[in-house]
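**Student:** Mind looking over this structure? Questions follow.
The values are calculated or read from the model by the stated rules, or taken from the named source; none is laboratory data. Remember, it's a predicted structure, so these values are computed and weren't measured experimentally. FYI the Cβ positions are ideal-geometry reconstructions off the backbone, even for glycines, and counts take in every protein chain you see.
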4 protein chains.
Amino acid sequence: MPVDLAELTAEIAAAMAGAEDRGQVARYIPELAGVDPAQFGIAIATADGRMFAAGDADTGFSIQSISKVFALTLALGKVGDQLWERVGREPSGNAFNSIVQLEQEHGIPRNPFINAGAIVVSDVNLGGHQPRVAIGEILRFVHYLTGDDSIAIDEAVAASEGATGYRNIALANYMRAFGNVRHSPELVLGLYVHQCAIEMSCRQLALAGRYLMLDGRHPDGGRVVSPGRARRINALMLTCGHYDASGDFAFRVGIPGKSGVGGGILAIVPGRASIAVWSPGLTEAGNSRLGGQALEILARRTGWSIFSPPEEGD
Amino acid sequence: MPVDLAELTAEIAAAMAGAEDRGQVARYIPELAGVDPAQFGIAIATADGRMFAAGDADTGFSIQSISKVFALTLALGKVGDQLWERVGREPSGNAFNSIVQLEQEHGIPRNPFINAGAIVVSDVNLGGHQPRVAIGEILRFVHYLTGDDSIAIDEAVAASEGATGYRNIALANYMRAFGNVRHSPELVLGLYVHQCAIEMSCRQLALAGRYLMLDGRHPDGGRVVSPGRARRINALMLTCGHYDASGDFAFRVGIPGKSGVGGGILAIVPGRASIAVWSPGLTEAGNSRLGGQALEILARRTGWSIFSPPEEGD
Amino acid sequence: MPVDLAELTAEIAAAMAGAEDRGQVARYIPELAGVDPAQFGIAIATADGRMFAAGDADTGFSIQSISKVFALTLALGKVGDQLWERVGREPSGNAFNSIVQLEQEHGIPRNPFINAGAIVVSDVNLGGHQPRVAIGEILRFVHYLTGDDSIAIDEAVAASEGATGYRNIALANYMRAFGNVRHSPELVLGLYVHQCAIEMSCRQLALAGRYLMLDGRHPDGGRVVSPGRARRINALMLTCGHYDASGDFAFRVGIPGKSGVGGGILAIVPGRASIAVWSPGLTEAGNSRLGGQALEILARRTGWSIFSPPEEGD
Amino acid sequence: MPVDLAELTAEIAAAMAGAEDRGQVARYIPELAGVDPAQFGIAIATADGRMFAAGDADTGFSIQSISKVFALTLALGKVGDQLWERVGREPSGNAFNSIVQLEQEHGIPRNPFINAGAIVVSDVNLGGHQPRVAIGEILRFVHYLTGDDSIAIDEAVAASEGATGYRNIALANYMRAFGNVRHSPELVLGLYVHQCAIEMSCRQLALAGRYLMLDGRHPDGGRVVSPGRARRINALMLTCGHYDASGDFAFRVGIPGKSGVGGGILAIVPGRASIAVWSPGLTEAGNSRLGGQALEILARRTGWSIFSPPEEGD
């Protein structure tokens, strides 16, 4: 019997409203540190065009690392599989290793979803232009995916990230020393911090992810990426989308997902649903605590884990 | 239009017979070094009970690390989720890190499919008994899964592994120092090398994997593991099943799989197929070169990647 | 004005008797864990043949890693500078790195004073014989250096070390995998643990170290090693003799020294003194806390730091 | 019989003039890459005020990392032993580890002679001023030590270093993220690259090092640093002065020394000599190949190794 998604999202939002251990809000910039941890939102865009939302599904939040999915999609459109000469496709082990391996592996980051890899993707997306040109391109892409031109960058977040992001400056310069960042690190990071500072709601984010559930097609019928590319981006989200807790997320939830330190997670069930959850409190690994719990419940109730036999008729 | 699997397996076997770059056969023990690299086999057991096989599908080979899937299943049956206090669920980064992280993470291996993790699983499976008791249990489990009591251990392989496996002795003693190996390292490794030396054909291996495509059920109707456990074992195979090329396998093939240095790969398409391929030549990362290529073709032609929308009616 | 060493050793022993923070006694085997931390001994053998001792200078203790100095001397006598193809001469960074670097550097330990390096030295000293033959040789060497045939091995310590030394078994097997341990790891470690279990008093240890202050000569006039070799062993003691606190010991004390977890330190002032101190409580880095403090006072009072201009007439 | 230093320096210079394997000149900036590798110079300032020089002893070269000795001396004058809360005193293991350890050890570099440590020292020396003020201070200190006001910075070298030093920018920002660099990384590195670009001849460098052989005194009778501080700087030079070949230098030469990629080495024999050698070709570890050989010969012929008994009357 198919699950009633309206009921289920409401039920999950209610359960999360009462959760006690909500994790710690990110503290490294004041704009994130000040977000109220009591919030939770969920939105599900289904393959047949319906939308189910509950909780704070219309409140905007900083998508942060979730932007790496859209930036990767754009960069693959620019340079195709040549990107993989500059970025790997393997889980990173952990944060600590990402630096070691950068040295061991001559400035080639392990995957496009750790910071080092996303900085190389930004270097590709910059493409000789000024940061604002490349930022404009990313925003237009998100507008196209969602059909919502109101989505914008939170400039205060971008400014704070830029002012305190010493590790990212270190990473960019380190890769520049290996020739794997080709533009000025300052310009590349200008693009990077603005892309991370895009503000979206769960509803908007679920809309933006639809092409990944639809084998690369836009719901309007246009093709965003080839089926193979959509499939491979989903694979990267599963193996690398939750930092050093990616294996655990695959184990518990079983759905490709990408998290951000703003507390959002975008999760893709191929052929079925594009899901966004948001709650600002984080686990130690830096992923939304309630967001992960909500997706675990959702996967169990719907049978949407990609590691189970597909259910009929849901 | 559904793919004709009889035609497809024959076609893949023919293509692989003519492949030029077959990789390097494992050389660390004479029993593996002497295997003829010109061989290739494929067998597919489908959810509806059919079997498709081609090439050297009935030739026995050493399953090696593929045995870790069956050993993990048994250990979870013994101690349940307590196992995860002693073994992690994250990809390991790489071989090099697996040692570093063992020290950093106080003797807790990253996952049950790297050698260190599989040795802890063997420690659990030993359970205070003599190695031959625990080996007998694993063999009986494989007999039950396949319905084939002729499957046996290649004692020459086990003896060679035992005589030269200094790294495994090092790992076992290292974890013993942290208290995460509890029996004598010698006994634990006795079990470990015998389990790795099980000899099976592609056809037998595809039969053995059916419970993982059937949500944990045996084709005879009995339950081997719960649906959730089957799903989670599949997730571990996807994120950790190909050593430090697991991300790449997910990216290119998109199907949970576990490889062994004997050249075999077991791959599971939930709800559809349990697949075994075998060809002895390996990539640098230690996975079957032609086996990986065959699965990539198979996934593309069938649409079986778990990262694509499920196809209808195949 | 020359320092009165009789007064100074008495003064230091008195100061140390009243010390409050004595560090933690090694706990990994009961024979060490049970030693009374309230003890302190000091003995100085001078180049002109005098001996000054105070405190518990005649109480025997387990020399542990200090034995690596004598074992290295013997191994250099057997294979000369070929030893340096199998062991490096650089400080190790830290314990953690000693494992990483063993993998990175293909089983070649950084220096002969970390455990991995000392195990290779034992492999050389074993030389195809049974452990007891090689142990006998080391004991005879110590008897010759001290003129005291009563020095013996504490068999209870050796047995305990052998029964619990899983990390050393791991290291030996790991290097065996690289071919840098050539005998059976079991036999090599048999030699290693017995050598570490030699029991000596401060007085005996100071006598044993005299050849290193005397440019390689025995006080009886015979030559133990060449002047160049004595000098180079002293250099290794300075750069590598205190594990990951070697730099700090050089900085504070400025005298080549080798410590052991039994709480002893052998320190060599070329041309002037062979010094042994002992107090069982250890720093976090595993070196005798009061022993280090005593040597710091001694160096300051005598001007014996090798980094100062040599004083006249002391 | 005392060695005739005039003869010995001439003899060494002649031997080095004919050396075939001179190593590779540093290539990372054009100003260093263009230096003629056929050059070799040596200068010895003795404690009794004599100077012996031979070869290209009056040719200026970029002192590079040798400047870290003078910068450390100044920083200790400013903040005293508080410096050691921000920089360690242990050898670094190797280049690779210096990054790992920076993360492991929360942004505290292992010692003041690796780049990361020297950048912290520059942060201290900057002391809230503009780089040119702090640079002026270092230059004045060198003028005072040598009595030679003509010593200056090679601005072309400083400019090239600044334009290509992405790794140093990475290190500075990385430590800034931990709060262990407190000024703007750009200003700190401005000071750092200028200090490294000081140009001196062997004769000038030997003069500059005299305070370290004279227990902290200037030859004019003034005190530069306390005896204890001079001793401890010498100890750091011995344990950390030649990057990851410090142990080997101690082993072969046995004299505290600090090398630079310009091909210079400053070596200190306490109470006897301040020595400068220079030859631009480097070993793989980044130290002057002929410079090291020259010092090895010098130490053997003079008996100046600090690990040998002091010779009488030389």
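**Student:** For the structure I just gave you, tell me whether D:Asp215 is within 24 Å of D:Leu83 (Cβ to Cβ) and over 13 Å from the mean Cα position of the chain (by Cα).
**Tutor:** Judged against the criteria, D:Asp215 is a match.
**Student:** I'm trying to understand the selection: among the residues of segment D:258-286, which are within 13 Å of chain C (Cβ to nearest Cβ), farther than 20 Å from D:Arg203 by Cβ and modelled with pLDDT of 95 or more?
**Tutor:** If the condition is that a residue be within 13 Å of chain C (Cβ to nearest Cβ), farther than 20 Å from D:Arg203 by Cβ and modelled with pLDDT of 95 or more, then D:Pro270, D:Gly271 are the ones that fit.
**Student:** For segment C:173-203, enumerate the residues that are within 30 Å of C:Asp48 (Cβ to Cβ) and in a loop (DSSP other than H, G, I, E, B).
**Tutor:** Applying the first criterion (within 30 Å of C:Asp48 (Cβ to Cβ)) to segment C:173-203 yields C:198-203.
Residue satisfying the conditions is C:Ser201 alone.
**Student:** Is one or more of the residues making up segment A:91-108 in the same structural domain as A:Met237 (by TED's automatic domain parsing), crowded, with 21+ Cβ neighbours inside 10 Å and either farther than 24 Å from A:His194 by Cα or among the aromatic types (Phe, Trp, Tyr) (or both)?
**Tutor:** no
**Student:** Can C:Glu90 be described as modelled with pLDDT under 95, over 26 Å from C:Leu5 (Cβ atoms) and touching a strand residue (DSSP E or B) at 6+ places or on another chain (Cβ under 9 Å)?
**Tutor:** So C:Glu90 does not fit the description; no.
**Student:** Another question, if that's okay. Among D:Ile169, D:Ile153, which is the only one that is within 14 Å of another protein chain (Cβ to nearest Cβ) and touching an Asp or Glu at 6+ places or on another chain (Cβ under 9 Å)?
**Tutor:** Details: D:Ile153 fails: within 14 Å of another protein chain (Cβ to nearest Cβ).
Only one candidate passes the filter, namely D:Ile169.
**Student:** Let me spell it out: the conditions are (1) farther than 30 Å from D:Ala159 by Cα; (2) polar (S, T, N, Q); (3) buried (at least 23 other Cβ atoms within 10 Å of the Cβ), and D:Thr46 meets all of them except one. Which number is the exception?
**Tutor:** That leaves (3) as the condition not met.
**Student:** If only one of C:Ala177, C:Ala156, C:Ala152, C:Ala235 is over 13 Å from C:Thr73 (Cβ atoms), of a type outside the set (Val, Ile, Thr), free of Cβ contacts under 8 Å to residues at least 60 places away in the same chain and not assigned by TED's automatic domain parsing to the domain that holds C:Ile44, which one is it?
**Tutor:** Working: C:Ala177 fails: free of Cβ contacts under 8 Å to residues at least 60 places away in the same chain; C:Ala156 fails: free of Cβ contacts under 8 Å to residues at least 60 places away in the same chain; C:Ala235 fails: not assigned by TED's automatic domain parsing to the domain that holds C:Ile44.
Every option except C:Ala152 fails the conditions.
**Student:** Would you tally the residues in segment A:252-279 being assigned to a helix (DSSP H, G or I) and buried (at least 24 other Cβ atoms within 10 Å of the Cβ)?
**Tutor:** Selection size over segment A:252-279: 0.
**Student:** Run down A:Ala206, A:Ala116, A:Ala134, A:Ala163 and say which single residue is farther than 30 Å from B:Phe307 by Cβ, small (Gly, Ala, Ser) and part of a helix (DSSP H, G or I).
**Tutor:** Only one candidate passes the filter, namely A:Ala163.
**Student:** Are any residues in segment A:223-232 crowded, with 24+ Cβ neighbours inside 10 Å and either among the acidic types (Asp, Glu) or more than 7 Å from chain B (Cβ to nearest Cβ) (or both), and if so, which ones?
**Tutor:** A:Ala230
**Student:** When C:Arg140 is evaluated against the numbered criteria (1) within 27 Å of C:Ala235 (Cα to Cα); (2) crowded, with 20+ Cβ neighbours inside 10 Å, which criterion, by number, is the only one it fails?
**Tutor:** So C:Arg140 meets the others, but not (2).
**Student:** Residues of segment A:1-48 being in a loop (DSSP other than H, G, I, E, B), of a type outside the set (A, V, I, L, M, F, W, C) and free of Cβ contacts under 8 Å to residues at least 24 places away in the same chain, which ones?
**Tutor:** A:Asp4, A:Gly18, A:Glu20, A:Arg27, A:Gly34, A:Asp48
**Student:** If I ask for residues that are at the interface with chain C (Cβ under 10 Å from one of its Cβ atoms) and either in contact (Cβ under 8 Å) with a residue 40 or more places away in the chain or among the basic types (Lys, Arg) (or both), which ones from segment B:180-208 would you list? I'd like the intermediate steps shown before the answer.
**Tutor:** Step one: list which residues in segment B:180-208 are at the interface with chain C (Cβ under 10 Å from one of its Cβ atoms), which gives B:181, B:185.
Matches in segment B:180-208: B:Val181 only.
**Student:** Taking C:Gly254, is it modelled with pLDDT of 95 or more, more than 14 Å from chain B (Cβ to nearest Cβ) and at positive phi?
**Tutor:** yes
**Student:** Run down D:Tyr243, D:Tyr211 and say which single residue is within 14 Å of chain C (Cβ to nearest Cβ) and within 25 Å of D:Ala26 (Cα to Cα). Don't jump to the end; show me each part of the working.
**Tutor:** Values: D:Tyr211 fails: within 25 Å of D:Ala26 (Cα to Cα).
From the options D:Tyr243, D:Tyr211, the qualifying one is D:Tyr243.
**Student:** Sort through C:Leu72, C:Leu32, C:Leu8, C:Leu76 and tell me the only one that's of a type outside the set (Asp, Glu) and modelled with pLDDT under 95.
**Tutor:** Checking each option against the conditions leaves just C:Leu32.
**Student:** Right, something else. Please go through segment A:115-127 and pick out each residue that is within 14 Å of chain D (Cβ to nearest Cβ) and touching a Lys or Arg at 6+ places or on another chain (Cβ under 9 Å).
**Tutor:** Across segment A:115-127, the qualifying residues are A:Asn115, A:Ala116, A:Asp123.
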